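Each remark here refers to the structure printed beneath this line.
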Amino acid sequence: MSSRPPREELAEKVAGEITLSDDPGATLRKWRTDFTVSQTELAEELSISSSVISDYESGRRESPGIAVVRRIVTALLDIDERRGGDRIRQYARVISAGFESDIVQDLREYPTTIPLRRFYEAIDATEVVSGTSDRISGHTVIDSIEAITRLSSEEFYRLYGQSTNRALMFTGVTRGESPLVAMRVVNPTPNAVVLHGLREEDLWKHAPDLARIDGFSLAVCDTNLETTLERLREFP
């Protein structure tokens, strides 16, 4: 595991993604929104017009060079640190658990347990099966395909974070069969599982039965992923 500061690793990751992207403007926008920084805030931090940021993101302006990308990334990280460093800490939690951020898209521990209902309301999720517990103390959002194809059962369990008293959300789901079958090898299970990217009518027919057997709440959510992640960064 790297001993470099999380801020330094995150800066390298963000800058690399923007620089090497086939669509640098879209990648810049993805990271700016990931940090919940507006175009105006970023522009003020850089002492430039917000129209410059808009032009970069829309492709109206030539892709920023390495020096400009470095300034933008530094600005995003500076803003995050002034706000308390939530985004940097979240990335630190992911890498300290031994995972890449393309697998873990968000990982959060709450100051106290909260009703599961509040979590579902925040992301517009629909509960399909009630579980044995109606409270959670954190959430983990993972890319279902990356997790299932790359992780062992032990690593899969470590995705929960510090406690199984949490919600585990799988993204990139089409029916829910693969993640729920994978859940059978993990013990104990989280309090709640959310399948993101499908509606209740598209859910694998055996999914509710598996949830009942293992005692966790099962919900579906088809809200835009970027919107869902933005809501979770402001939650609870």
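The values are calculated or read from the model by the stated rules, or taken from the named source; none is laboratory data. Please read these numbers as outputs of a predicted model, since none were measured by experiment. Note that each Cβ is placed from the backbone with ideal geometry, even for glycine, and that neighbours are counted across all protein chains shown. For accessibility, only protein heavy atoms count, side chains too; no ligands or nucleic acids. Shrake-Rupley method; radii C 1.70, N 1.55, O 1.52, S 1.80 Å.
All conditions but one from (1) farther than 26 Å from Arg108 by Cα; (2) surrounded by 17 or more Cβ atoms within 10 Å (Cβ to Cβ) apply to Ala75; the one that does not is (1). A search for C-beta distances below 6 Å between a residue of region 48-64 that is open to solvent by 40 Å² or more (accessible area, probe 1.4 Å) and any residue that is β-branched (Val, Ile, Thr), counting only pairs 6+ apart in sequence or on different chains, returns Ser50/Thr40.
In region 189-215, of all residues being within 15 Å of Thr132 (Cβ to Cβ) and open to solvent by 60 Å² or more (accessible area, probe 1.4 Å), the one that is modelled with the highest pLDDT corresponds to Arg212.
For region 217-235: of the residues being more than 10 Å from the chain's Cα centre (by Cα) and open to solvent by 10 Å² or more (accessible area, probe 1.4 Å), which is nearest to Glu200 (Cα to Cα)? Give the steps one after another, and end with the answer.
First pass over region 217-235, keeping only residues more than 10 Å from the chain's Cα centre (by Cα): 217-224, 227, 231, 234-235.
With open to solvent by 10 Å² or more (accessible area, probe 1.4 Å) added as a condition, the list becomes 222-224, 227, 231, 234-235.
Numbers: Asp222: 9, Thr223: 13, Asn224: 16, Thr227: 19, Arg231: 21, Glu234: 26, Phe235: 24 Å.
Of everything passing the filter in region 217-235, Asp222 is nearest to Glu200 (Cα to Cα).
Listed here are the residues, each with its yes/no results for (1) among the β-branched types (Val, Ile, Thr); (2) at pLDDT below 90; (3) part of a loop (DSSP other than H, G, I, E, B).
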| residue | (1), (2), (3) |
| --- | --- |
| Arg87 | no, yes, no |
| Val94 | yes, yes, no |
| Gly98 | no, yes, yes |
| Ser137 | no, yes, no |
| Thr149 | yes, yes, no |
| Glu154 | no, yes, no |
| Tyr160 | no, yes, yes |
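Could you tell me whether region 177-185 includes any residue that is over 17 Å from Ala147 (Cα atoms) and open to solvent by 10 Å² or more (accessible area, probe 1.4 Å)?
No, every residue in region 177-185 fails to be over 17 Å from Ala147 (Cα atoms) and open to solvent by 10 Å² or more (accessible area, probe 1.4 Å).
Close contacts from region 211-232, counting a first residue that is closer than 25 Å to Leu28 by Cα and a second that is open to solvent by 10 Å² or more (accessible area, probe 1.4 Å) and not hydroxyl-bearing (Ser, Thr, Tyr), with Cβ to Cβ under 6 Å and a gap of 6+ residues or different chains, come to Asp222/Arg199; Thr223/Asp124; Arg231/Ala122. Among residues belonging to region 18-35 that are in contact (Cβ under 8 Å) with a residue 12 or more places away in the chain and open to solvent by 60 Å² or more (accessible area, probe 1.4 Å), point out the one that is nearest to Gln105 (Cα to Cα). Within region 18-35, the match that is nearest to Gln105 (Cα to Cα) is Lys30.
Taking region 65-78 as the range and being without any contact (Cβ under 8 Å) to a residue 40 or more places away in the chain, under 15 Å from Glu17 (Cα atoms) and in a helix (DSSP H, G or I) as the test, the residues that pass are Ala67, Val68, Arg71.
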